[in-house]
Amino acid sequence: MTFQNTREFAKQLDSQDVLNHYQDQFIFPKVDGKRVIYFTGNSLGLQPKRTKSYIDEIMNDWAHLAVEGHFYAEKPWWDYQERFPESLSKIVGALPSEVTVMNTLTVNLHLLMVSFYQPTATRYKIICEEKAFPSDQYMFQSQVHFHGYKPEDAIVEIKRREGEHNIRLEDILAKIEEVGDELALVLIGGVNYYTGQVFDIKTITAAGQKAGAKVGWDLAHAAGNIKLELHDWNVDFAAWCSYKYMNSGPGNASGCFVHERHHNSDLPRFAGWWGHNKERRFKMEPNFDPVEGAGGWQISNLPVLSLAPYLASVEMFAEVGMDALITKRDKITSYLEFILHEIDKEVDSNFEIITPSNPEERASQLSVFLHGEGRSLFDYLMKNGVIIDWREPNVIRLAPVPLYCSFEDMYDFGQILKKGILAK
Ligand SMILES: Cc1ncc(COP(=O)(O)O)c(C=O)c1O
Ligand SMILES: Nc1c(O)cccc1C(=O)C[C@H](N)C(=O)O
């Protein structure tokens, strides 16, 4: 499709967009009385209007039923988490028994490492991406320390080639082969938080397992953003947060995936009563008898006030479906890319989009290196109602999230960007 940098053309794209009306289902902050153009759904998604009623329901049940709410609320709290797997499993391409919701992302990665990172004297190395999200780096370092190894020996980072912004698949595969018999675990972010690069989860998982390692994925930037087939791709385990593309609110609950083939294995895990056989949970027995499936990794009774917004979101995703989201995602991301190139030409600037240009290797994010511009351009955009984020040294990340961004937003953004550059 040939794009045009005009409001009429952007409006025409909006009129053809079957998801356009979802914009009205979200609450947008305002700047100078006008709703913002929101590009940071890769950090914190907007609040869906329906979410408040899910939280109010629990507050009301708590007020009127108190402890009885555990069993007699309309959505009883004791098995509230069971409302997730049916829909959530479709979002990540899993069997319902393979997903659960609990804790937060880094905590879940640590807990899953208990089961899936069991180093031995000869097989103890972890392959990860260079410049993984810092929390993942701290998680790797502390896990390796905990097991008595040295991070500089046990953690193998896959580097970008000189002058390149993204990691090549061939380099990941070569590193897996090179580490070979020493490799215990491969754990990579499915979508890199900084560049927006999407990794080939299926191929990397198969290669890691062929080398005899377990393969897990941090799907913080992938869940609700890319098509996932975790079961079919034979992924060992994965975890994600729900507050980015899944709009469940700041710091909210995380989702986990454990492949079916591990459900009846004797993998070690840290246990608690919420992972115990559901029928017998309140018999207060001394011996742990895990729930079959990913639910067996739960530990504490769940914070239902935090699950409520996640449930609102999962139900919205079930209505929309990942296919429709991805169709719009690709079109709006390409339109944003086009707008950036157009403005770049008009103002003779020098933006470098460091996210891969191949649609197979990117999703809902373009990271732009603003050569020749400074932090003042970021400040100008924020002041003028464009919410973006800034990452050192000079990168802005733009996530045109398909559920609530419009093509007209992309056009408006281009005009504000142009003014911001010319205003210097
Ligand atoms: C890739 C990635 N990993 C881990 C985290 C940390 O998540 P949490 O603070 O929920 O543990 C984030 C975002 O904050 C992230 O983007
Ligand atoms: N969770 C965040 C927070 O509480 C404050 C600031 C940023 C965050 C984020 O989630 C950042 C996000 N993971 C990122 O990709 O940058």
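The values are calculated or read from the model by the stated rules, or taken from the named source; none is laboratory data. Since the structure is predicted, the reported quantities are computational estimates derived from the model, not experimental observations. Positions of Cβ are generated from backbone atoms using ideal geometry, with glycine treated the same way; all protein chains shown enter the neighbour counts.
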(request) Considering only the stretch 38-148, give the helices (runs of 4 or more DSSP H) lying wholly within it that have at least 1 residues that are modelled with pLDDT under 95 and within 30 Å of K159 (Cβ to Cβ). (result) none
(request) Return yes when T120 is away from ligand 2 (no atom under 16 Å from the Cβ) and touching a residue at least 40 places away in the same chain (Cβ under 8 Å) and no when it is not. (result) yes
(request) Kindly list the number of the only condition in (1) among the small types (G, A, S); (2) surrounded by 12 or more Cβ atoms within 10 Å (Cβ to Cβ); (3) over 30 Å from E337 (Cα atoms) that fails for G93. (result) (3)
(request) Residue by residue through the stretch 296-314, note down the ones that are part of a helix (DSSP H, G or I), under 22 Å from G272 (Cα atoms) and out of contact with any helix residue (DSSP H, G or I) (no Cβ under 7 Å at 6 or more places or on another chain). (result) S306
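Tell me which residues, restricted to the stretch 101-144, are aliphatic (A, V, I, L, M) and away from ligand 1 (no atom under 11 Å from the Cβ). Before you say what the answer is, go through the steps one by one.
Our first condition is that a residue be aliphatic (A, V, I, L, M); within the stretch 101-144, this holds for 101-102, 105, 107, 109, 111-114, 121, 126-127, 132, 139, 144.
Matches in the stretch 101-144: V101, M102, L111, L112, M113, V114, A121, I126, I127, V144.
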(message) Against the condition closer than 27 Å to P250 by Cα, under 25 Å from the mean Cα position of the chain (by Cα) and at pLDDT 95 or above, how does S367 come out, does it pass?
(response) yes
(request) Scan the stretch 321-338 and report the pairs whose first residue is surrounded by 16 or more Cβ atoms within 10 Å (Cβ to Cβ) and whose second residue is at pLDDT 95 or above and part of a helix (DSSP H, G or I), with Cβ atoms within less than 7 Å and a gap of 6+ or a chain change. (result) M322/I91; I332/F407; I332/M410; Y335/L13; Y335/F407; Y335/M410; L336/M410
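Any idea which residue in the stretch 339-350 is nearest to the chain's Cα centre (by Cα), counting only those that are assigned to a helix (DSSP H, G or I) and without any contact (Cβ under 8 Å) to a residue 12 or more places away in the chain?
H341
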(message) Could you list, ordered by first residue, the pairs with Cβ atoms under 8 Å in which the first is in the stretch 1-29 and without any contact (Cβ under 8 Å) to a residue 24 or more places away in the chain and the second is among the polar types (S, T, N, Q), at least 6 apart or interchain?
(response) I27/Q47
(message) Regarding the stretch 41-53, can at least one residue be identified that is in contact (Cβ under 8 Å) with a residue 60 or more places away in the chain and more than 25 Å from the chain's Cα centre (by Cα)?
(response) no
(request) Residues that are outside the structural domain of Q118 (by TED's automatic domain parsing) and either modelled with pLDDT of 95 or more or out of contact with any Phe, Trp or Tyr (no Cβ under 7 Å at 6 or more places or on another chain) (or both): find the strands (runs of 3 or more DSSP E) completely inside the stretch 156-250 holding 2 or more of those. (result) none
(request) Kindly indicate whether any position in the stretch 136-155 is farther than 30 Å from Y245 by Cα and buried (at least 20 other Cβ atoms within 10 Å of the Cβ). (result) yes
(request) Quick one: count up the residues across the stretch 212-239 that are of a type in the set (A, V, I, L, M) and surrounded by fewer than 19 Cβ atoms within 10 Å (Cβ to Cβ). (result) 0
(request) Give the residue, chosen from A94, A63, that is more than 16 Å from ligand 1 (Cβ to nearest atom), aliphatic (A, V, I, L, M) and under 19 Å from the mean Cα position of the chain (by Cα). (result) A94
(request) Check S306 against each of (1) over 30 Å from T6 (Cβ atoms); (2) touching a Leu at 6+ places or on another chain (Cβ under 7 Å); (3) among the polar types (S, T, N, Q) and name the one condition it does not meet. (result) (2)
